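Colleague: First the structure, which I've put down as structure tokens, then a few questions once you've had a look.
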Amino acid sequence: MPKKRVTSQDVADLAGVSRTTVSFVLNDVKGLNISSETRRRVRDAAESLNYIPDATAQALASRRAKAIGLVMTRSPHHIATDAFLPQIIGGLIEVIQEHKLRLLIESVEVEHQDRAYLELARAKHIEGMILLTPRINDAGLKKLEQVDIPTVLMGHLEGSNLYSVDVDNQPAAQKGVQYLLDLGHTRIACIANAPPSYAASPERVHGYKNALLFAGITPDENLIRYADFDPQSGYEQMKSLLQSGNPFTAVFVASDNVAMGTKSALREAGLRVPEDISMVGFDDIPWAQYADPPLTTVRLPAQQLARTACVVLMDLIQGREPAARRQILDTELVVRKSCRRL
């Protein structure tokens, strides 16, 4: 027979108080005339009974949701195959545990973006939200700007007045491509991390083009492809490049997750990294250093990004002014063994 769940009434009976008093004490509701002795009895009773308050009841009693939302504008398939995401979640959890909050994770399909964010905030009872990988044409963000829901973008959109935390994608990508140029490569292909509707994607492609232009090389549009976050799309885009017949000796892949599929397509075509094709990635997800060969990549500080975004959100929720409306974190090139000098 399953063990009976301890309720607030059990705590109230043991402490000799009402259920309402138990709720007020355990949710630390301010401004009530409850003696320190009564508070002690309630807490001692709850501890002795191993009472765990119901989350919904806590929210109602304290008038706080005690949760924030991580909202991703991608399909469940893309989320499931994203090796970058666990680092983001880990960084968020570090901060929210300090504030005794919960993390709710939601995905929003493109066709529902115009109303989804407001509905999430109301239905899920969250105090604020962090939006991952914002889209350039996201109509729902405009609505968020007009209401009082604390929101932070992990990414950046020109023209938006929402707070944001990001890396400077353009010079970060430029740094990776410049490394290939310094090794003597001039025919460098590019596979973007995502479709151009996602803000980071055209920024990274722009950095790729800038590096070539500064070296006196006209970018060849025939050597540019756009992946769709996952390894499968990297595989398909590399096959497209190889089948095009346009020669290249190196490739900048603007996502390590995408690069997994890119390497597979090269291997299938009988090409080796770096002997035949040099490769630079972007993100420095955990597997990159253990790949064969270890991947040279632009390190994006994923956990620090998440922690910073969460700190900004906590400031907004608590009525404090964050340090800056847009915060930019540094990237660095991590040189391993996936490139060779020509």
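Colleague: How much of residue 228 can a 1.4 Å solvent probe reach, expressed as accessible area in Å² and rounded to 10?
Modeller: Surface open to solvent at residue 228 totals about 50 Å².
Colleague: Another question, then. What share of the DSSP beta bridges in the chain is antiparallel, in percent to the nearest 5?
Modeller: Details: 4 of 39 bridges.
Roughly 10 percent of the beta bridges in the chain run antiparallel, per DSSP.
Colleague: For the chain, with all protein chains present and a 1.4 Å probe, just round the carbon and sulfur fraction of the accessible area to a whole percent. The partial results should precede the final answer.
Modeller: Numbers: 8290 of 16320 Å².
Summing carbon and sulfur atoms, their accessible area is 51 percent of the total for the chain.
Colleague: Right, something else. What residues have an amide H closer than 5 Å to that of residue 105, excluding those fewer than 5 places away on the same chain, when H is modeled at 1.01 Å from N in the peptide plane?
Modeller: 70
Colleague: Under a 1.4 Å probe, what is the accessible area of the chain per residue, stated in Å²?
Modeller: Details: 16320 Å² over 342 residues.
Per residue, the chain has 48 Å² of solvent-accessible surface.
Colleague: Among 116, 177, 157, whose Cα sits farthest toward the positive end of the charge dipole of the chain (+1 at Cβ of Lys/Arg, -1 at Cβ of Asp/Glu, about the Cα centre)?
Modeller: In the chain, that residue is 116.
Colleague: Give a residue-ordered list of calculated ³J(HN,Hα) values for segment 312-323 (Karplus: 6.51 cos²θ - 1.76 cosθ + 1.60, θ = phi - 60°; whole Hz; x for Gly, Pro).
Modeller: 4, 5, 4, 4, 5, 4, 8, x, 9, 7, x, 4
Colleague: Please compute the modelled spin-label separation between residue 161 and residue 222, points set 7 Å along Cα→Cβ, answer in nm with one decimal.
Modeller: In this crude spin-label approximation the distance works out to 4.8 nm.
Colleague: Modelled label-to-label distance, residue 75 and residue 48, 7 Å Cα→beta-carbon offset: nm?
Modeller: Spacing of the two 7 Å Cα→Cβ label points: 5.7 nm.
Colleague: Positive end of the dipole of the chain, charges at C-beta (+1 Lys, Arg; -1 Asp, Glu), about the Cα centre: which of 258, 190, 274 has its Cα farthest in that direction?
Modeller: So the residue furthest toward the plus end is 258.
Colleague: Among 279, 260, what's the order by accessible area (1.4 angstrom probe), most exposed first? All intermediate terms of the calculation are to be shown ahead of the outcome.
Modeller: Working: 279 0, 260 70 Å².
Greatest to least solvent exposure: 260, 279.
Colleague: Right, here's the next one. So what is the 222 nm mean residue ellipticity for the chain from helices alone, if each DSSP H run of at least 4 adds -39500 (n - 2.57) and you divide by all residues, rounding to the nearest 500 deg cm²/dmol?
Modeller: Working: 13 runs with 146 residues, N = 342.
Result for the chain, helices only: -13000 deg cm²/dmol.
Colleague: Run the dipole for segment 108-258 about the Cα centre, Lys and Arg Cβ at +1, Asp and Glu Cβ at -1, nothing else charged, and hand back the magnitude in debye, nearest 20.
Modeller: Numbers: 12 positive and 19 negative charges, 49 e Å.
That gives segment 108-258 a dipole magnitude of about 240 debye.
Colleague: For segment 175-253, state which trypsin sites (Lys or Arg not before Pro) are in a DSSP loop and have at most 11 other beta carbons lying within 10 Å of their beta carbon.
Modeller: Numbers: sites: 175, 187, 204, 209, 225, 239; in loops: 187.
Answer in residue order: no site qualifies.
Colleague: Once you place label points 7 Å from the Cα toward the Cβ at residue 315 and residue 215, how far apart are they in nm?
Modeller: Taking the two extended label points, one gets 3.9 nm.
Colleague: Report, in degrees rounded to the nearest 10, the 0 to 90 angle that the Cα long axis of helix 85-98 makes with the longest principal axis of the chain.
Modeller: 30 degrees
Colleague: Under a point-charge model restricted to the Cβ atoms of Lys and Arg (+1) and Asp and Glu (-1), what is the dipole moment magnitude of the chain relative to its Cα centre, in debye to the nearest 20? Mind dumping the intermediate values first?
Modeller: Working: 39 positive and 40 negative charges, 151 e Å.
Roughly 720 debye, rounded to the nearest 20.
Colleague: If you average the alpha carbon positions of segment 130-188 and of segment 295-322, how far apart do those two centres end up, in angstrom?
Modeller: About 13 Å separates the Cα centre of segment 130-188 from the one of segment 295-322.
Colleague: In terms of modelled amide H atoms, which long-range or inter-chain residues lie less than 5 Å from the amide H of residue 329?
Modeller: 166, 167, 168
The values are calculated or read from the model by the stated rules, or taken from the named source; none is laboratory data. All values derive from a computational prediction rather than experimental measurement. FYI the Cβ positions are ideal-geometry reconstructions off the backbone, even for glycines, and counts take in every protein chain you see. Remember, those area values only see protein heavy atoms, side chains included, never the ligands or the DNA or RNA. Shrake-Rupley method; radii C 1.70, N 1.55, O 1.52, S 1.80 Å.
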